[in-house]
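What follows draws every value from the coordinates through simple rules; no lab data is involved. Predicted model, so just to flag it, every value in this text is computed and none were measured. For neighbour counting, all protein chains shown are included, and Cβ atoms are generated from backbone atoms with ideal geometry for every residue, glycine included.
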């Protein structure tokens, strides 16, 4: 069947952007079809700013902002948020920290007041801090039972070793006890509203009212030299690394395989993304799914993906398979990748992938969260001003040669980090021929 | 602001029901086909067939090769998937509205012309068994929840998991699948829903064009035994390797058509929604528990037949589970003894209203809301009354439903007791 008629290119909703006199950048996207409003205060640093040995510092500091201000106790704040039917969340990610509140449009002023208050007048109550750490430690203990999470964490730590990204954002069992209340207050003061901070409004909004309010009430961006915590590009790990985490009680192995890829604003990022769709990102359209699930039946699901980041993010293939097929599964994955790298994609695969990216683009603008995410990435990842408008055209023009070059240049099947959580003793001998193995109990 | 589209309804001569909601915000549409097929329609020995069959629906027709369905939809800018629950099996494509006809045509094609073979069944059987290991056996609490339902229900099909028992999965035959296809995948057993940038009239004509010639099928003869009233607490212990202990409890509550469900949903919000909720304040905040939740589902995911309101707790390391459980039941008793204050009720109401509004952002959810209410109750119009029904709930309603349903005699509790690797090995295989 031939269903390939070309699709018209979609123009995303208009983004109004400007800079307030106090130096804060503001983005507004009006989406009036539901009475909801989402507001992000975005700060241009994330967990890469954690001090050595204090993994989790940026994220703990962000969460502490939601646990009490000089005007409201933690409980009062939580009750006020819940009474609005709103959600308040503050997290550090990689490269940025966001304080986010989403609620009903009718409460816009209260939502903004709370967001400003938690940022400018936090109380950092000692008891709240102690309880938060206790909660995190308990959650981390419990997560040892979640084999997909264990696999992800080990993979991330291994591929980013030696960079500011080499630790868990949430903190670890060893780092959390090292973080003290003073660290939090100092971190907050030191990083307060640096250049590059911005406010993002999406939803049913009255631009002028919001801008007037923000201009009147928000403090000025700190006028100082601001160096990114992870400014210089870091070295590429160019050896294979095998880490097996022994979990004798599991009947299936969690497999993670990958290496570093490209920064989001790299000119080859989009060709790499299209290439990835064909290799393993496109579900049943992908070569990995066809081979590993459909033909071999080794797994229920397999995917490869890349994560958009300011600096080089991970390229990751993830799947799971019964203990007995673990080695065969990994071997076959690498075979698929090697073959793809050598032979390249076909013109049919290219056109299908491009149709998917272009055709599904409008659906990336359905929810307030999706739109805010796009705006934040554009700003934090230094994408070109018209990135979102030009995106469909840019994708549509990606050639087969670009895709195949991306595969040759940026896929490194011989230099992968391989992490497996499962019955390590059963499949370890088969992997020994591949080199040194690190076993973690 | 009208947050729900006014659905245009229609029905073909063969019994196929059609719901169309226009929303021209973006040039996209969600196309959904919901079948009255799910684990409640199964019988012992054939558990899991509804879900396994959902996988088989991707195995191709005369025109479309195995797994090619997904490739074609994606190559036209769409995303797609399917899911099976106790009460329905649903297929959907979210795609550019210019491609609507493609989705209609492909869905209609596999409803009439599916080609499945022994070989495709064998591959998919293994894939599903692997999925079961992923979702139940190798997760911290999957088997516990299976045990909870198996214990709480003695007769009704909700006693087995949607994915089925492994032994049944191993023994399902091609004939079973073909029989299931014939009986359940009929136009008179389905609801088609479209939400998005479509004209109701044109969309209706498209469905008529591709489904109109299909004959209706005789309805399957179903005997779904109702559950006996529970007359005393049931308890079980489940041992596995784990870092922390936990319990999962279920209370029998009515199905989707019963007005008490919304009050129960609100009761769950009072107990566990948000950081000012009773459970968070008392148990999670001080680090006594990793998680304490109360859940009964939300529109449109309430179960068709009487389901379980679940209360579960994952203890923090060092917490005594028995004490934690006692304290949790104390909190539940408080709801029966004291009327909740107006402010707390107002808060829960606003939370539920805002949550529904947040979900309403996508065409996909709006389609599910209408389609699942239609397939489960035969009356999707109920969705228009949801927001006003929340608004009418009183403190006395919360107290009444707490007293009526959250009784120890109506409760089933399964406790996870962590064991060492050595003890785990002496206990035998996890299945």
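Per DSSP H run of n ≥ 4, the term is -39500 (n - 2.57); total these for chain A, divide by its residue number, and report the mean residue ellipticity at 222 nm rounded to 500 deg cm²/dmol.
For chain A, the value works out to -11500 deg cm²/dmol.
Summarise the partner chain shielding of A:101-108 as one whole number: the mean count of Cβ atoms from other chains within 10 Å of each residue's Cβ.
Mean number of neighbouring Cβ atoms from other chains: 2.
Going by how many other Cβ atoms sit within 10 Å of their own, how do B:258, B:252, B:34 line up, fewest first?
By the 10 Å Cβ count, ascending, the order reads B:258, B:252, B:34.
If contacts are Cα pairs under 8 angstrom and at least 6 residues apart, what is the relative contact order of chain A in percent?
Over chain A, the number comes to 22 percent.
With n ≥ 4 as the cut-off for DSSP H runs, can you work out [θ] at 222 nm for chain B, using -39500 (n - 2.57) per run divided by the number of residues, rounded to the nearest 500? Kindly include the intermediate steps, with their values, before the conclusion.
On the way: 15 runs with 171 residues, N = 431.
It lands at -12000 deg cm²/dmol.
Mind giving me the nanometre distance, one decimal, between the label points for residue B:202 and residue A:296, set 7 Å out from Cα along Cα→Cβ?
That separation, rounded to one decimal, is 4.6 nm.
In degrees, nearest 10, range 0 to 90: what is the angle between the Cα axis of helix B:321-337 and the longest Cα principal axis of chain B?
Around 80 degrees separate the two axes.
Assign one of three labels to the protein assembly as shown, namely rounded, prolate or oblate, based on the Cα gyration tensor with a ≥ b ≥ c the square roots of its eigenvalues; rounded applies when a/c is under 1.5, prolate when it is not and a/b is larger than b/c, and oblate otherwise.
Values: a/c = 1.19, a/b = 1.08, b/c = 1.11.
In terms of gyration-tensor shape, rounded.
If each residue of separation counts as 0.36 nm, what is the full-extension length gain between residue B:62 and residue B:387 once their alpha-carbon separation is subtracted?
112.4 nm
Within segment B:176-211, find all residues whose amide N lies under 16 Å from a label point positioned 7 Å from the Cα of residue A:30 along Cα-to-beta-carbon.
Answer for this model: none.
Rounded to the nearest 10 degrees, what's the angle between the helix B:142-152 long axis and the longest principal axis of chain B, both from Cα atoms, 0 to 90?
80 degrees
Please report, largest first and rounded to whole Å, the three semi-axes of the ellipsoid equivalent to segment A:16-217, where each semi-axis is the square root of five times an eigenvalue of the C-alpha gyration tensor.
Values: eigenvalues 186, 71, 58 Å².
The equivalent ellipsoid of segment A:16-217 has semi-axes of 30, 19, 17 Å.
Could you work out, residue by residue across B:130-136, how many beta carbons of other chains sit within 10 Å of that residue's beta carbon, and then give the average as an integer?
On the way: counts 12, 4, 1, 7, 10, 1, 0.
Counting other chains' Cβ atoms within 10 Å and averaging over B:130-136 gives 5.
With 10 angstrom as the radius, rank B:253, A:169 by how many other C-beta atoms surround their C-beta, starting from the fewest.
Values: B:253 24, A:169 19.
Ascending number of Cβ neighbours within 10 Å: A:169, B:253.
Using just the alpha carbons, could you tell me how many Å³ per residue the convex hull of segment B:8-211 encloses?
Considering the Cα atoms of segment B:8-211, their hull volume per residue is 133 Å³.
Please rank A:441, B:23, fewest neighbouring Cβ atoms within 10 Å first, as an exposure proxy. Kindly include the intermediate steps, with their values, before the conclusion.
Working: A:441 7, B:23 17.
Ascending number of Cβ neighbours within 10 Å: A:441, B:23.
Helix A:387-396: angle to the longest alpha-carbon principal axis of chain A, degrees 0 to 90, nearest 10?
With both axes taken from Cα atoms, the answer is about 20 degrees.
Put a dot 7 Å past each Cα toward the Cβ at residue A:389 and residue B:173; how far apart are the dots in nm?
Result: 6.5 nm between the two label points.
Going by a ≥ b ≥ c, the root eigenvalues of the Cα gyration tensor, does segment B:234-426 fall in the rounded group (a/c under 1.5), the prolate group (a/b larger than b/c) or the oblate group?
prolate
Let me make sure I get this right: for chain A, a, b and c are the square roots of the gyration tensor eigenvalues over alpha carbons, sorted descending. Under 1.5 in a/c it's rounded, otherwise prolate if a/b > b/c, else oblate. Which is it?
In terms of gyration-tensor shape, oblate.
Would you mind calculating the relative contact order of segment A:16-217 from Cα pairs under 8 angstrom and at least 6 residues apart, reporting the percent as a whole number?
In percent, rounded to a whole number, it is 38.
So for segment B:1-93, Kirkwood radius off the Cα pairs, Stokes-Einstein at 4 °C and 1.567 mPa s: how many µm² s⁻¹?
Once the numbers are plugged in, D ends up at 83 µm²/s.
At a Förster distance of 41 Å, what's the computed FRET efficiency of residue B:422 paired with residue B:221, Cβ-Cβ distance as r, to 0.05? Don't skip to the end; give the middle numbers.
Numbers: r = 51 Å, r/R0 = 1.24.
FRET efficiency, residue B:422 to residue B:221: 0.20.
Quantify how strongly other chains surround peptide A:79-90 by giving the mean number of their Cβ atoms within 10 Å of each of its Cβ atoms.
6
Evaluate E = 1/(1 + (r/R0)^6) for residue A:217 and residue B:135, where r is the Cβ-Cβ distance and R0 equals 51 Å; express this FRET efficiency to the nearest 0.05.
According to the calculation, E is roughly 0.60.
I need the calculated FRET efficiency for the pair residue A:106 and residue B:8, taking r as the beta carbon distance and R₀ as 25 Å, to the nearest 0.05.
Efficiency, rounded to the nearest 0.05: 0.25.
At 0.36 nm per residue, and after removing the present C-alpha to C-alpha distance, how many nm does the segment from residue A:426 to residue A:440 gain when stretched out fully?
Full-extension gain reported as 3.6 nm.
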